[in-house]
Each structure stands twice: as structure tokens, then as C-alpha cells.
Amino acid sequence: MTSFARPYLTLLPDAFDADFYDAPAPEPMPEPSWDAFAAAGDEWRQEALCAETDPEAFFPEKGGSTREAKRVCTGCTVRAQCLESALTNDERFGIWGGLSERERRRLRLQRREALSA
């Protein structure tokens with residue numbers, strides 16, 4: 001029986017690869033900003049109350065309470081834009097525009113039925 005040697009693989013650079021050690025370090029990625037969202041047509045996000053609140057409230061664990069997040073949404077001036085964005089982008093998780101995933105799904109179905117009627 002013939003035995004084959006496995007090639008030696010590594011993710012580390014070769015010790016003799018001078019180009020690797022002489023190359024300048026890559027520049028760090030820029031931090032995302034609200035300006036990037038605004039450029040994408042989501043200017044409403046700058047006015048959203050949820051941006052000033054604990055994000056975990058808007059993404060509760062399965063079976064967790066959505067009450068706190070919905071209370072924040074009740075007083076938000078951009079609630080309608082948030083909900084439309086979630087429906088347009090098919091957001092599957094979290095509270096958006098004061099509605100849970102299940103409530104958004106129900107709203108989507110109602111809209112489809114209204115269009116087909």
C-alpha cells in the first residue's frame with residue numbers, strides 16, 4: 001500500500017516572504033454613520049426614538065415581551081416611515097413601526113387581499 005504525504009497547509013505567512021512584512025498595514029474600516037442611512041433614503045432614522053433606546057428591547061427573545069418597544073414606538077414621529085421600511089425590506093425580526101413580525105405579516109396579507117379584491 002502506498003502512503004501519500006499530506007501537504008503542509010498554514011494560514012500564516014511564509015517566514016521568507018519579505019513583501020508581507022514590509023507591506024503597510026491596511027487602514028481600518030470607517031465607522032458606519034447615519035449619513036450612510038440617509039443616503040439610502042432612510043432619513044427618518046435620524047428622528048427615530050428607538051435610536052435613543054436599548055436595542056435589545058426591539059429584538060426580544062422568542063416569547064419575550066414586546067411591550068417596552070411598542071411603548072417607545074407609540075410616541076415616535078416617524079413610526080409610519082419605519083413600518084413602511086420594514087414592510088418594503090421584508091424585515092423578519094424585531095419590532096418595527098410598533099408591530100411585531102407576526103403583526104407585520106398579517107398586515108402584508110391584508111394589503112394583498114385588498115389589492116386582489
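What residue, among those in the range 24-52 that are surrounded by 13 or more Cβ atoms within 10 Å (Cβ to Cβ) and at pLDDT 85 or above, is nearest to SER100 (Cα to Cα)?
Ranking the candidates gives CYS50 first.
Of the conditions (1) surrounded by fewer than 10 Cβ atoms within 10 Å (Cβ to Cβ); (2) of a type outside the set (S, T, N, Q); (3) modelled with pLDDT of 70 or more, PHE4 satisfies every one except a single condition; which number is it?
Exception for PHE4: condition (3).
Pairs needed: first member in the range 96-111, closer than 20 Å to ARG71 by Cα; second member anywhere, surrounded by 13 or more Cβ atoms within 10 Å (Cβ to Cβ) and among the β-branched types (Val, Ile, Thr); C-beta distance under 8 Å; at least 6 residues apart or different chains.
Filtered contacts from the range 96-111: SER100/THR66.
Going by what's in this entry, would GLU84 be described as in a helix (DSSP H, G or I), more than 14 Å from the chain's Cα centre (by Cα) and under 17 Å from LEU49 (Cα atoms)?
Here the answer is yes, as GLU84 does meet what is asked.
Please tell me if THR10 is modelled with pLDDT under 90 and of a type in the set (Val, Ile, Thr).
Judged against the criteria, THR10 is a match.
Identify the residue in the range 65-81 that is out of contact with any Pro (no Cβ under 8 Å at 6 or more places or on another chain) and either of a type in the set (S, T, N, Q) or in a loop (DSSP other than H, G, I, E, B) (or both) and, among all such residues, is nearest to GLU52 (Cα to Cα).
CYS76
The values are calculated or read from the model by the stated rules, or taken from the named source; none is laboratory data. Everything numeric in this text was worked out from a predicted model, so none of it was measured. Here Cβ is always computed from backbone atoms with ideal geometry, including for glycine, and neighbour counts include all displayed protein chains.
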